[in-house]
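The values are calculated or read from the model by the stated rules, or taken from the named source; none is laboratory data. Remember, it's a predicted structure, so these values are computed and weren't measured experimentally. A quick note on method: Cβ atoms are made from the backbone with ideal geometry, for glycine too, and the neighbour counts reach across all protein chains shown. Just so you know, the surface numbers come from the protein's heavy atoms only, side chains and all, with ligands and any DNA or RNA stripped out. Shrake-Rupley method; radii C 1.70, N 1.55, O 1.52, S 1.80 Å.
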Amino acid sequence: MRVKLKKLWLVLGAMAVLVGCGTNQPHSIPVVDASSPLSNKPNPLEKNTTPITKETGDEAIAQAVPQAVDEPIQPIAQQDTNSVPTGIPLDNNASGSAPLDGAVLALLTTARQQQEAGNLNEAAASAERAQRIAPSEPRVLYTLAVIRLKQGDAEVAEQLARRALSYTSSDQSELRSNLWEVVAQAREKQGDQAGADQARQQKRARV
């Protein structure tokens, strides 16, 4: 009896195993074909990596750098060598010139400022005061000669300039050149062109 029950349990167990194998199929693992592409969509991470050739690089540089434009060179304006300097020589340490007296220097400074402001009458008065203090100072006479020339008194301007020339020394070349120019312009205003040309010859000879 026990042997029959044991065989019966073995038969039932075997049947249970066979039924389980028939109903529970194993899950199949998908196989991917490596020979075919996974997707036909473009990869957004991929960029256009077109190589930059030497020609395109040179063209970019040529466009970035502005081209030079040939512009005509403007000529430098020549200084008029025949113009009388508007500034009054006040260099107290000029070569060949003795230091000016303090009062004379102050009066010449005032005369220069008044002349630059267009106050010729006041400038002449200041220069005349300086002349009374230093009657033989060529810088004072030159200052007064320039003012008189600007006032239209060419004859007096020439006389003052020629007097100043007689007090100058050979090493005061710049002052002498300015004085000869005053003489030349004064003679031109008086209608003496030949005398003006002669004065400018003296001016060039002394420079």
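Observations
- Hey, R129 surrounded by 20 or more Cβ atoms within 10 Å (Cβ to Cβ), basic (K, R) and within 17 Å of Q115 (Cβ to Cβ) or not: no
- Every condition in (1) closer than 21 Å to L105 by Cβ; (2) out of contact with any Gly (no Cβ under 8 Å at 6 or more places or on another chain) holds for D153 except the one numbered (1).
- Any chance R162 is within 12 Å of V182 (Cα to Cα), modelled with pLDDT of 95 or more and surrounded by 20 or more Cβ atoms within 10 Å (Cβ to Cβ): no
- Within region 163-207, the set of residues being closer than 14 Å to R139 by Cβ and aliphatic (A, V, I, L, M) comprises A164, L165, L175, L179, V182.
- For region 84-105, a residue qualifies if it is at pLDDT 90 or above and under 18 Å from A145 (Cα atoms), and the qualifying residues are V104, L105.
- Within region 159-168, one or more residues are touching a residue at least 24 places away in the same chain (Cβ under 8 Å) and more than 17 Å from R187 (Cβ to Cβ).
- When each of K150, K189 is tested for being under 41 Å from the mean Cα position of the chain (by Cα) and open to solvent by 70 Å² or more (accessible area, probe 1.4 Å), the lone residue that passes is K150.
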